[in-house]
Amino acid sequence: MTASTGRGGTTRRAALAKKRLSRRPSRLGTSAGTAPAPDQALDRYAGFPGLLRQVWQRATAADDLPTAVDTLLTLGGHVPADVQLRALRAADEAALKVLCGVSWRDDDGSPDGPEPPATPDRPGGEPPAFLGELGLTTSGRIVVRVPSQGPLASEEDLVDGVMRVPWSARALLDYQTEVSRAATRFARSVVDCRQWLAAAGSQSRDNLLEQLKEAAQRTAPFILYQEGKQYTNFRDRNTITGKTLWPGHPDCALSSLQKMPLELWSDQDVVMVVCLTLLVRSAGFARIEEANGTQLTLDHVAYLLEGTRRTYNGVPGGQQVPAATSTGVEALDQLAGRLLARRTEVLGTAQLYREIHGALMHKIERVAGRPGDAARMRERAVCDHLRERLPLDGATLDELEAELAASPSWLGEPLGDFGTGLEALVHATVAAARTAFDADFAMSRGLRSLPRLIRALREQDWEDLVQWDLPDYFCCVVPDPRARRYFEDSAARLADMAWAMSSRMQYNSWHFLAGNVPKVPVVRARDYFVPPTIPDIAFHSDQHHHGHVAAKVRFSIRSPQAVEVLGQPFNGFMDLRLLRCAGRPFDEQDMLAAHRCSGFVARATSLVASLAADGADIEITSFDSQWHWEQVAGGTGTADGAGEPARRVS
C-alpha cells in the first residue's frame, strides 16, 4: 500500500507527524504538549484586574470626593472621562452630578430644555442626611449607592470594598429632581422606539434582528449597557451572538426576540434594538465599537452621532450634514443616513482612523491632519533602509512604488536569502519600520500562495478557500533585540513571543479573508470578521486580550490595506503593525507614516497577484517558526539543543 500524498508532495503520515511537533521556536523538534509546565503563568492581577486594583487604591487615597471620582472616571488616566460618564446608570449619573458637578450632557442638549448648572454638594458640619457609597465594579464601571438602595456589595461585583459618601439634605432634593428628569427622558424614548418598531412591521423587525446578529457575529468584542443590563459578545459573559452563543441560540438577546410580539419585548430590549440599528446605519457594523462601554440610549446615540457629524463637517468640501432636529428616532435615523453618505465623501479626501482605548475597548473615529515633518522623517528613514536592501531607488515611497510597478518581475524571483523578492520586500519594510518608528516589535502578514487564491476565485471554489488553515498564511515579525529586557532578558523567550505574535496574525489573516468573498452558505458557516479598512492607534491595550497581556503590548499602530487580486480589492488582506511595550504612545503622525509603509507592501503584493494571474508560480516559504528562531535568537535548534539545524531559503 502506498501512503497518500497531500498538497506539496507531503505524505499524510509525514504531515500528521509534523503537526505533532511543537512549533514554539525554543522547542523545535520536540513533541507538542510534553512540556512539564507552561513557560509563563500570568499573575491573577495581570492586565485589567491589576489596573482596576491600582485605580481603586489611588481613588481611596484621594483627598476629596471629586478627585477620587476623576481618578475612577479616567481609570487613572487610561481612558477619556466622558466614556465612563456615559457608562453610568441613570441614578448613578444623577448622583455624581449633584455630588461632584460632573456630567457628559451639554446644558443646551437636554431633551427637556436647558439644565441649570450643577453645583457640587459640599456638606458642612451638619450630620449627613444620607450616607451612601461609591464603588468600582470588576467591569470597570463606577457605581453609587443612592437613596432607597441597599449596600453595593450585595448587588455588584466590586474591586475592593466601597467609599462612604455623605449626602446633604440639599443633595437629596437635587438628586430627586435629576432622577425624575431621567425617568421622563427614558419613558419618552421607550414610547418613541416602540412606535418606530411597530411602524416597521414584523418582517422588517425580523430583518433588523438578523442584521444585528450578523453585526455581533462579525464584529470585534463589544460591551454595552442598558441600565444594569449588559449586552455583549465578549467571552464567557455573552448575552448576544458571538464566540460563545451561536446565531439562533435561545440565550442570545437578539435571537430570543425573533417571532415574539413587540408588545412582549422589554423596554430595555426595545431601546437596545433601535440604538444598535441607528449605529449600524451610520457607518456599518464597526460603529458599534464606538459605543463600547457606554449606555445604549437614544441620548447617548445622539451624542455619538453629533460628535461624528461635527468631525465629518470639519473636512473641507462635500455636503455639510445638518444637526438632528431632536433626539427622536426618526431624526436620528435621518442623521445616520446622512452620516453614512458623508463618510463616503470624507474617505475620498481625508484619512479616517480610530483611536482605541484598550482598558474599555472603546473606539473613537478621527479625521487625521496632513503628514508633517515627523511623518516625513519616518518615511525617509524607511526609504533609506529599503534602498540599501532592495533593487529600488527613490527618496519617497511613491518613487519606490513607481519604480516597482515599472519592473515588478523580480518580486517573484529569489533575492538574497529569500525565495522571492516579495519576501525580501516584506522583511525589509518591517525591519525598516521597526527601526524608524522606534518600535519594540514590527510585523506584516499575508497569504502564502496567491496562485492558490487566484485558482479559487476563477473556479469559485469557496469550499476550498474556507478550509485553508493557519499555516497557509504568514506573518513576518521583527523585534528590537533590546525588547528581550521585557522577557527575562532571554533571547529564546523573545523568539517565542515573536512566533506567538506571528501565529496570532496568521489567525487574523484567516479571519478576514472570507469576509471578501460571496456569502454563499459554506462561507457564512465559517467564522470570519468584516475586514478592517482604516488604521488605528491603540493605548493601553495590555488589558483584556490574553496575548497582549502576555506580550506586554501597551501601545500599537495597526494599518490594514486592501490587495487587488483579479481586479477585486481584498480588504484587510495585509497590515503593518508597530508595538511598544512601554514609553511614549504612538501618535497621529506615526500612524500616517506607518499607513504609507503598509500601502507600499500592499501595492507590491498586488503586483505579485498580477504576476501569479499571468501564470507565475510564487509561494511564500519564509517566516515560519524556524525562521523566527534563527532570526530572533540566532539559534541552531531549540534552546536545549534539540531540533533541526536552522536554515535559510536560497
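Rule-based calculations on the coordinates, nothing more; no lab input. The structure presented is a predicted model; accordingly, all values stated were derived computationally and were not measured. Neighbour counts run over all protein chains shown; Cβ positions are idealised from the backbone, glycine included.
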Exercise for the section: Rounded, prolate or oblate: pick one for segment 312-412, where a ≥ b ≥ c are the square roots of the eigenvalues of its C-alpha gyration tensor, a/c under 1.5 means rounded, and failing that, prolate if a/b is larger than b/c, else oblate. Expected result: prolate
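Sequence gap at least 6, Cα distance under 8 Å: using those rules, report the relative contact order of segment 48-185 to the nearest whole percent. Can you show the working numbers first?
Numbers: 193 pairs, mean separation 33.3, N = 138.
Reported as a whole number, the value is 24 percent.
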Problem - Derived scalar couplings ³J(HN,Hα) [segment 260-274; Karplus, 6.51 cos²θ - 1.76 cosθ + 1.60; whole Hz; x for Gly, Pro] - result: 8, x, 4, 4, 8, 6, 5, 4, 4, 5, 4, 5, 4, 5, 5
Exercise for the section: Find the centroid of the Cα atoms in segment 404-458 and in segment 153-213, then give the distance between the two in whole Å. Expected result: 51
Problem - Members of Lys229/Lys363; Lys97/Lys213; Lys97/Lys552; Lys259/Lys363; Lys213/Lys552 lying beyond 31 Å, as alpha-carbon distances in this model show - result: Lys97/Lys213; Lys97/Lys552; Lys259/Lys363; Lys213/Lys552
Completion exercise
For segment 425-440, in residue order, the Karplus 3J(HN,Hα) values (coefficients 6.51, -1.76, 1.60; θ = phi - 60°; whole Hz; Gly and Pro = x) are 5, 4, 5, 5, 5, 5, 5, 5, 5, 4, 6, 5, 9, 6, 9, 7
Handout entry: Label zone at Ser256 (point 7 Å along Cα-to-Cβ), backbone N below 17 Å, segment 199-222
Key = 209-210, 213
Exercise for the section: Excluding Gln268 itself, calculate the net charge of residues whose Cβ lies under 9 Å from the Cβ of Gln268, where each Lys or Arg counts +1 and each Asp or Glu counts -1. Expected result: -2
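Based on the Cβ-Cβ distance from Lys229 to Glu619, what FRET efficiency comes out when R0 is 56 Å, to the nearest 0.05?
The value I calculate is 0.65.
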Practice task
Name the aspartates and glutamates eligible as straight-distance cross-link partners of Lys243: C-alpha to C-alpha under 14 Å, and not fewer than 8 places from it in the same chain.
Solution key: Glu214, Asp251, Asp527
Problem - Amide H partners (placed H, <5 Å) of Phe130, local residues excluded - result: Trp167
Handout entry: segment 201-351: equivalent-ellipsoid semi-axes (sqrt of 5 x gyration tensor eigenvalues, Cα, Å)
Key = 28, 17, 14
Handout entry: Net charge dipole size for the chain [Lys, Arg +1 and Asp, Glu -1 on Cβ; Debye, nearest 20]
Key = 1260
Handout entry: Label selected from [x] 17, 48, 30, 6, 0; [y] 12, 17, 14, 15, 23, 16, 3, 0; [z] 18, 47, 26, 8, 1, 0, the criterion being P(r) over Cα pairs in 20 Å bins from 0, in percent as computed here
Key = [x]
Completion exercise
Between Glu399 and Glu463, the two model label points (7 Å from Cα along the beta-carbon direction) sit apart by a distance in nm of 5.3
Practice task
Please work out how much length the chain gains when fully extended from Glu345 to Arg387, using 0.36 nm per residue of separation minus the C-alpha to C-alpha distance, in nm with one decimal.
Solution key: 11.5 nm
Exercise for the section: For n ≥ 4 DSSP H runs only, could you compute -39500 (n - 2.57) per run for the chain, divide by its residues and tell me the 222 nm figure to the nearest 500? Expected result: -13000 deg cm²/dmol
Problem - Gap separating the Cα centres of segment 509-561 and segment 272-350, nearest whole Å - result: 23
Practice task
In debye, nearest 20, what is the charge dipole magnitude of segment 374-633 about its Cα centre with +1 on Lys and Arg Cβ and -1 on Asp and Glu Cβ, if you could check?
Solution key: 760
Fill in the blank from the handout: FRET efficiency (Asn571, Leu172; Cβ distance; R0 51 Å; to 0.05) is 0.40
Completion exercise
the chain: relative contact order from alpha carbon pairs under 8 Å, six or more residues apart, as a whole percent, is 13
Exercise for the section: Quick one: dipole size for segment 401-480, taken about the Cα centre, charges +1 on Lys/Arg Cβ and -1 on Asp/Glu Cβ, in debye to the nearest 20. Expected result: 100
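Over the residues of segment 186-243, compute the C-alpha Rg and express it relative to 2.2 N^0.38 Å.
The reported ratio for this selection is 1.30.
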Practice task
Give the long-range amide H neighbours of Ala253: residues separated by 5 or more places, or on another chain, with amide H under 5 Å away, using H modelled in the peptide plane at 1.01 Å from N.
Solution key: Ile240, Thr241
Handout entry: Alpha-carbon Rg with Dmax, taken over segment 576-638, Å
Key = 16.8, 47
Exercise for the section: Rounded to whole Hz and in sequence order, give me ³J(HN,Hα) for segment 565-576 from the Karplus expression 6.51 cos²θ - 1.76 cosθ + 1.60, θ = phi - 60°, writing x for Gly and Pro. Expected result: 10, 6, x, 10, x, 9, 5, x, 5, 9, 7, 10
Exercise for the section: Report the far tail of the P(r) of segment 374-633, meaning the percent of Cα-Cα pairs longer than 27 Å. Expected result: 34
Fill in the blank from the handout: The FRET efficiency for Asp267 and Asp438, from their Cβ-Cβ distance with R0 = 60 Å and rounded to 0.05, is 0.70
